[in-house]
Every structure is written in structure tokens, then in C-alpha cells.
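**Q** Structure incoming, see below.
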Amino acid sequence: MAVTEGAEPNALRDRVRKLLGPWVVPALAVVTALILGAGLIALAGGDPLSAYAGMLEGSLGSVNAVAETLLWATPYIFTGLSVSLAFQGGLFNIGAEGQLALGATAGALVGYALPHLLGVNLPAVVHVPLTILTGGVAGGLWGALPGWLKARTGAHEVISTIMLNYVALNAVTFLLNGPMKDPSPENVIARTPLIADSAQLSPIFSGVRLHWGFPLALLVTALVTWMLRRTTLGFEIRTVGANPEAAKYAGMHVSRTIVVSMALSGALAGLAGAIEESALNHRHELGFSQGYGFDAIAIALLGKARPEGVLPAALLFAMMRSGAPRMQFLTQIPVDVISVIQALILLFVAADVMVRRLYRLKGERERVVITRGWG
């Protein structure tokens with residue numbers, strides 16, 4: 001009986017440790033970055049407590065503040081999932097920024113041009129999904145390209161995605177200054193015409209800007225988690241990411257899985273762009289993305305490259321971004337401090353040995369599986 005009674009607390013402790021263990025280092029990385037950020041705020045002549053209180057007030061202090069935070073979180077979730085899914089397949093997708101831009105451009109094209117081409121006004125129940133899905137397809141095709149290069153020629157996807165970012169962004173610049181530029185006489189900047197009302201994703205509540213893209217982001221998070229954990233495709237992606245030679249020996253089509261992984265990753269980034277264009281901007285113009293594709297790398301790493309970890313990481317980054325103006329107003333410190341704190345979070349998550357030594361944590365270092373990305 002004594003053995004049984006002692007075994008139950010041990011089993012419970014082991015279960016809790018297994019559940020929470022992977023998240024200890026990311027949580028401490030955030031805490032450490034905030035402590036160092038407080039030091040930077042003090043050096044800049046601000047009050048750290050007032051600064052962080054202002055950040056919380058600006059991100060969670062009212063209904064509108066919460067709505068703005070969730071607005072920021074929506075593209076962060078999609079792009080974080082994009083990078084995370086590629087990580088699961090052992091790939092490092094640094095091309096989310098270009099995939100997002102192409103997704104927004106393709107969505108805008110369908111949003112404003114399709115009714116004119118067809119000569120009829122489409123119902124919103126058709127036009128909105130078509131606009132968003134077109135963005136996903138565009139991002140997926142652009143993501144599949146470096147996947148195909150990796151599978152076919154062995155080209156390093158880190159290099160190819162970086163280079164394809166430049167291709168995508170410059171192609172979008174050409175389109176917005178040329179064939180897709182708004183022809184109205186009063187328009188003098190590079191942007192598309194406004195999309196049709198039937199292509200606009202509506203707000204959830206009147207009076208706030210929060211739209212249906214956020215619930216869609218939650219749904220996609222659940223679907224990606226289910227796909228990776230419960231389907232044959234997800235098992236193949238994770239197996240190829242962990243050990244491509246073993247996957248090949250088991251009869252899996254490694255090259256095809258690489259292409260599919262990058263295509264799905266690009267599609268998620270493309271969805272982020274199309275949703276932003278459909279729900280908020282109602283057109284595509286240069287510089288709209290706020291660097292979501294690059295922040296997504298930090299979000300995916302903070303979430304341990306797991307879809308379920310991307311959600312809280314995206315919400316944290318969204319809180320910092322939406323609360324930054326209020327923080328700056330109260331303390332008069334540069335808003336760029338937020339970018340420094342985000343960079344510190346990324347540093348401590350990537351160099352988790354520093355965090356373990358600083359807090360004297362025991363246990364093996366948990367690595368994000370990106371062997372094929374660096375191999």
C-alpha cells in the first residue's frame with residue numbers, strides 16, 4: 001500500500017513535469033527579456049513600472065484595446081503557424097514575408113477585378129472565401145517553389161526563401177506601380193483599387209475593428225494541430241523532419257513531403273496577407289505587412305515550433321505591439337524598445353543554455369527539430 005500511495009504523487013508529478021517542462025525555458029526567456037528591457041527603459045530615462053503598466057493598459061485595458069490586440073494577433077498566428085509547420089518538417093521557412101505579400105496581392109486582385117471580369121456582383125458568401133483562399137493558394141505556390149528546389153536539387157531552403165522574398169516583394173512593387181495600380185486621378189501612391197464590398201470580411205461587433213479573421217485563426221490552429229498529430233500526412237511531415245533517412249527506409253516519399261510541407265507553410269502565410277487585405281485595408285499597398293513574416297520566426301521559436309505554442313506566443317507579441325503606443329505616451333521612451341525586447345526574447349529562446357545556466361535548471365536541452373533546414 002505504501003508503494004501505491006507513493007507512486008501516485010510521483011506519477012502526477014511526472015505528468016505535470018512532462019506537460020509543463022517544455023514551456024519553462026520559453027517562459028523564463030520572456031521574463032529575462034522583460035527584466036533587461038526594464039533596464040533599457042531606465043537607461044532611456046523612463047520608469048519601467050509605468051512603461052509596462054502602460055503596455056498592459058494599451059493592450060488589455062479596454063474593449064477597444066483587447067480588440068486591437070487580437071487584430072495584431074491574427075496575422076501573427078497565421079505566420080507563426082507557417083514557420084512552425086515548416087519546422088515540424090525539418091525546414092526553415094524564412095520566406096513568409098514574401099508569401100504573405102503575394103497572398104495579399106492575389107486576394108486584392110480577386111477582390112476588385114473579379115466582379116468586373118464576370119460582369120456580375122458576387123454574393124459575399126462566395127466572394128469573401130474566394131478572395132481569402134486565392135491568397136492562400138498564391139502563398140502556397142510560392143512556398144512550394146523552394147520546397148521543390150530543396151527536394152530536386154538540394155538547394156538550401158534558408159537561402160532560397162530569403163532570395164525569393166526579394167523576388168516576391170519587388171514583383172509586388174512592380175504590380176502596384178503598374179498594372180494593378182489604382183487608376184483614380186487622386187491616387188498618387190502604389191496601391192490597388194479598393195476591393196468590392198462583397199469581398200470584405202466583416203467585423204464581429206459594431207464599433208470595434210475586430211473581424212472574423214481571429215476566430216478563423218483559432219480554427220486553423222486547431223486544424224494544423226490535428227493534422228500534425230492525427231493524420232498520415234502529419235505523421236509523414238514529422239517523421240521526415242526528425243529523420244529523413246528513416247522516413248525513406250519506411251517507404252515515405254521524402255521529396256514529396258518536403259514540397260507539401262513548404263506549400264502548406266506558404267499557404268498559411270498567404271492566408272495572413274489575404275485576410276489583412278480583406279478585413280482591414282480593403283486594398284493592397286506597399287509596406288502594409290509590418291514585418292509579420294519576420295516576427296513569425298521568433299513566434300514559432302517561442303512556441304517551441306508547436307502549433308499549440310504559437311497561439312500564446314502570438315498573443316504575447318500582439319500585446320507588446322498594441323500596447324507600445326500607450327507605453328510611449330506615458331513614459332516618452334522610444335517605441336523601438338518593444339522591438340529590442342522581442343529580439344531579446346528570441347535570443348534567450350534560441351540560446352536556451354544561457355537561460356538554463358542563469359536559473360540553474362536541470363534536464364536536457366530541448367531542441368527544435370530543424371535538421372533538414374540546416375543539413
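**Q** At most 12 other C-beta atoms within 10 Å and a DSSP loop state: those are the exposed trypsin sites (Lys or Arg not before Pro) I care about. Give me the longest piece of the chain that has none.
**A** So the longest stretch without any such site is 1-359.
**Q** What part of the accessible area of the range 72-331, given as a whole %, is carbon or sulfur when the probe is 1.4 angstrom?
**A** 66 percent
**Q** So, one more: Restricting to lysines 8 or more places apart or on different chains, can you count the pairs in the chain with Cα atoms under 22 Å from each other?
**A** Count of close lysine pairs: 4.
**Q** How are the Cα pair distances of the chain distributed, in percent, across 20 Å bins from 0?
**A** Once binned at 20 Å, the Cα pair distances of the chain give 27, 55, 17, 1, 0.
**Q** Looking at the chain, identify the longest residue range that excludes and avoids all GluC sites (Glu not before Pro) in DSSP loops having at most 16 other Cβ atoms within 10 Å.
**A** It works out to 1-185.
**Q** What share of Cα pairs, in percent, lie more than 20 angstrom apart in the range 237-349?
**A** Summing the P(r) of the range 237-349 above 20 Å gives 58 percent of all pairs.
**Q** Round to the nearest 0.05 the FRET efficiency obtained for Arg152 and Leu218 when R0 = 41 Å and r is the Cβ-Cβ distance.
**A** Computed FRET efficiency for Arg152 and Leu218: 0.70.
**Q** Residues of the range 72-331: accessible area per residue at 1.4 Å, in Å²?
**A** Per residue, the range 72-331 has an accessible area of 41 Å².
**Q** For the residue pair Asp47 and Ser202, what label-to-label distance in nm results when each label sits 7 Å from Cα along the Cα-to-beta-carbon direction?
**A** 4.5 nm
**Q** As a test of the formula, what do you get for the chain when each DSSP H run with n ≥ 4 contributes -39,500 (n - 2.57) and the sum is divided by the residue count, at 222 nm and rounded to the nearest 500 deg cm²/dmol?
**A** Taken over the chain, the calculation gives -25000 deg cm²/dmol.
**Q** Summing Lys, Arg as +1 and Asp, Glu as -1, what charge do residues with Cβ under 10 Å from the Cβ of Ser255 carry, Ser255 excluded?
**A** Spelling it out: positives minus negatives among the neighbours equals +4.
The values are calculated or read from the model by the stated rules, or taken from the named source; none is laboratory data. Predicted model only: the values in this text are computed from it and were never measured. As a convention, Cβ positions derive from the backbone with ideal geometry for all residues, glycine included, and neighbour counts pool all protein chains shown. Note: accessible area is taken over every heavy atom of the protein model, side chains too, but ligands, DNA and RNA are not part of it. Shrake-Rupley method; radii C 1.70, N 1.55, O 1.52, S 1.80 Å.
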